[in-house]
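The values are calculated or read from the model by the stated rules, or taken from the named source; none is laboratory data. The structure presented is a predicted model; accordingly, all values stated were derived computationally and were not measured. Here Cβ is always computed from backbone atoms with ideal geometry, including for glycine, and neighbour counts include all displayed protein chains. For the accessible areas, the whole protein counts, side chains as well, though only heavy atoms, and no ligand, DNA or RNA atoms are used. Shrake-Rupley method; radii C 1.70, N 1.55, O 1.52, S 1.80 Å.
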Amino acid sequence: MTTVGYWFIGFALAYTFFLIFMSQLGMRRAKDGNGFFVGGRGFNTLFVTVCITGLFSGSSYIAILELSYLTGVSAIWYGVAETLHVLIIALVLIAPFRKRALVTISGLLGDRYGEKVRGLAGAITAFTFPMWSVATALAFASALSVFTGISLVLSVALTALLLFVYLQFGGMWSVGFTQLSNVVVFFMMLAIGTYAFFINPGIDGIQTLFQERPEYASWNAAGLQTILAWFGTFLFNVILAQAAFQMALSCKTPEQGRRGLIYASLLGIPLIIGAVLFGLAAAQVVPGETRGLVAVPLYLMETLPAPLVGLFFLGFWAAALSWGAPCQFSGATSLGRDVGKALNPKANELQLIKYTKWSLLLLTGLMIVFALLRSEQSAWWNVVAWVTRNSATFAPVVAAIFWPVVTKRAALISLFTGSASGLLWYHLSGWAINDFFMNTHPVWIGMGINIITIVAVSLIDNAGNWVWKASFRSVGFYSLVAAVGLAIVFFSSFDFLLAKGLAGMVGLLIVCGLFITCMNFIKEKKETVPVTKQWKTG
């Protein structure tokens, strides 16, 4: 172990005890189900801000740092997509979801479509969250192993166990207090990284990098397909961001929740810019590495004294924790609260809390098992998670909010067909990270089948009970025109779109346009009650 490793271990141990202490502050506020699952709807603007900053900015920081080392300034589009995602939630969804007293997306589906859908959606959601947690933890672990020699799996296990310990105490309140601590450490890390940047290589060094390797200065070096996939993934995920909803909707009022999300998007900007700069600095000082998360610690060890490097990577660990804690807790809520309620409809709030704490233990074990199964490619777990959950729940969630024509059977079947088709497409891709079958991301296929299934089965189930009410001045008409236009582009330029990896996304946009048209034009048939005259007698 290097000197930096000893410093980091010392800081990490102290910080671990501090996080456990902070999580204890939430115990008194989380005695009932409302307090445990959504903080008693008592979060103020500050708590929402730090929760969302920790969730998105922490994971984005790690991803952008890696991407900027490999592709240069084009990595910033990942941060732009993530910021847009947060702002849409703030401006569009936070108020209506807060009025619904939403806890989880799987709970929303259960309330609308019944216990079978609640249980299946809860299980799918729960088992994908450890995949996202382990992906970020593995990314952090690859950097940690450079100066400590700790194996990737052991690093993930220690991270998972810490998450399990402090989430047990106060549930959502534990998340809130520890996210506040993590965000403070983020900005300490940002300050240290900025200091290192100006020492070595500085602005002149980055200019030299751009001259020697001009692709690092290109805004599209990551590739059009990749950049559009970032935006597509974040935008389609807006309505499915359960962990973000669970934290933001713990707010006292929709206004405080909205302000917290907007402030979080602003706090994320310096972290995004810092991640890009540090990745570029590592590319200039330590070129030739295959992974940016290995190059960055080498760069810092060459530039800063050991204590500062240790503190920088304490912030790196805080980023992994700040993503993993909401993911693990939200997954456990889906498994314990929603699947538990589906299996035992008579369960009271204390029983559901107990189920959720046991679920946390199960998901902790799953997180470690996932690291054992595939530790060399952390991004792979992100792909599996996106495909599995988004392909299953996208159409049912949209329909639950906007389209009462959908039946319980249609929602249940679409959960199966969407997830199964996405995973089958990924199987045909050989489970690669970015080399997909027919150059098409499996999530586009899964979500498309998900939508087609829920529409077709609902119309069959409701045969005779729905009517077509078209209007040329409605959103449905404009979405139909857009879908037809995209279909013309799709079929006339299919080879080009396929070569660029855009065919799947354009195909999904066509299906979404038709979905909007169906929701707008197809209405439930209202039975008319005959009016009879009542004659006075007497």
Among the residues of the range 200-218, write down those that are within 35 Å of the chain's Cα centre (by Cα) and acidic (Asp, Glu). GLU215
Mind checking whether some residue in the range 145-155 is closer than 29 Å to ASN390 by Cβ and buried (at least 24 other Cβ atoms within 10 Å of the Cβ)? no
Looking only at the range 301-327, how many residues end up being part of a helix (DSSP H, G or I), aliphatic (A, V, I, L, M), out of contact with any Ser or Thr (no Cβ under 8 Å at 6 or more places or on another chain) and open to solvent by less than 20 Å² (accessible area, probe 1.4 Å)? 2
Please go through the range 271-300 and pick out each residue that is open to solvent by 40 Å² or more (accessible area, probe 1.4 Å), touching a helix residue (DSSP H, G or I) at 6+ places or on another chain (Cβ under 6 Å) and either assigned to a helix (DSSP H, G or I) or at pLDDT 95 or above (or both). LEU277, GLN284
Return a yes/no flag: does the range 367-378 have any residue that is within 19 Å of CYS327 (Cα to Cα), in contact with a Lys or Arg (Cβ under 9 Å, 6 or more places away or on another chain) and in a helix (DSSP H, G or I). no
Conditions (1) farther than 26 Å from ALA325 by Cβ; (2) at pLDDT 95 or above -> ILE262 fails only (1)
Taking the range 424-446, which residues are part of a helix (DSSP H, G or I) and crowded, with 19+ Cβ neighbours inside 10 Å? TRP425, TYR426, PRO442, VAL443, TRP444, ILE445, GLY446
Taking the range 206-234 only, how many residues are assigned to a helix (DSSP H, G or I) and either among the acidic types (Asp, Glu) or surrounded by fewer than 16 Cβ atoms within 10 Å (Cβ to Cβ) (or both)? 7
Test set (1) assigned to a loop (DSSP other than H, G, I, E, B); (2) more than 29 Å from ALA143 (Cα to Cα) - GLU255 fails condition number: (1)
Say we look at the range 394-416 and pick out the residues that are in contact with a helix residue (DSSP H, G or I) (Cβ under 6 Å, 6 or more places away or on another chain), of a type in the set (Val, Ile, Thr) and part of a helix (DSSP H, G or I); which of these is surrounded by the fewest Cβ atoms within 10 Å (Cβ to Cβ)? ILE413
Checked TRP381, TRP386 against criteria (crowded, with 20+ Cβ neighbours inside 10 Å, aromatic (Phe, Trp, Tyr), in contact with a Lys or Arg (Cβ under 8 Å, 6 or more places away or on another chain) and touching a residue at least 12 places away in the same chain (Cβ under 8 Å)); the one match is TRP381
Over the range 167-182, the set of residues open to solvent by less than 10 Å² (accessible area, probe 1.4 Å) and either aliphatic (A, V, I, L, M) or more than 12 Å from SER322 (Cβ to Cβ) (or both) is LEU167, GLY170, GLY171, MET172, SER174, VAL175
On the basis of being touching a residue at least 12 places away in the same chain (Cβ under 8 Å) and among the hydrophobic types (A, V, I, L, M, F, W, C), does LEU423 make the cut? yes
Among the residues that make up the range 170-179, is at least one of them farther than 15 Å from ALA243 by Cβ and of a type in the set (A, V, I, L, M)? no
Being among the polar types (S, T, N, Q) and touching a residue at least 24 places away in the same chain (Cβ under 8 Å) is the filter; apply it to the range 475-520 and report the residue that is farthest from ILE454 (Cα to Cα). SER479
Output the residue which, of all residues in the range 235-256 that are more than 16 Å from the chain's Cα centre (by Cα) and over 22 Å from LEU167 (Cα atoms), is most open to solvent (accessible area, probe 1.4 Å). GLU255
Give the residue, chosen from ALA191, ALA196, that is open to solvent by less than 10 Å² (accessible area, probe 1.4 Å), farther than 24 Å from GLU376 by Cβ, in a helix (DSSP H, G or I) and not polar (S, T, N, Q). ALA196
Residue that is nearest to the chain's Cα centre (by Cα) [pool: residues in the range 160-172 that are assigned to a helix (DSSP H, G or I) and at pLDDT below 85]: MET172
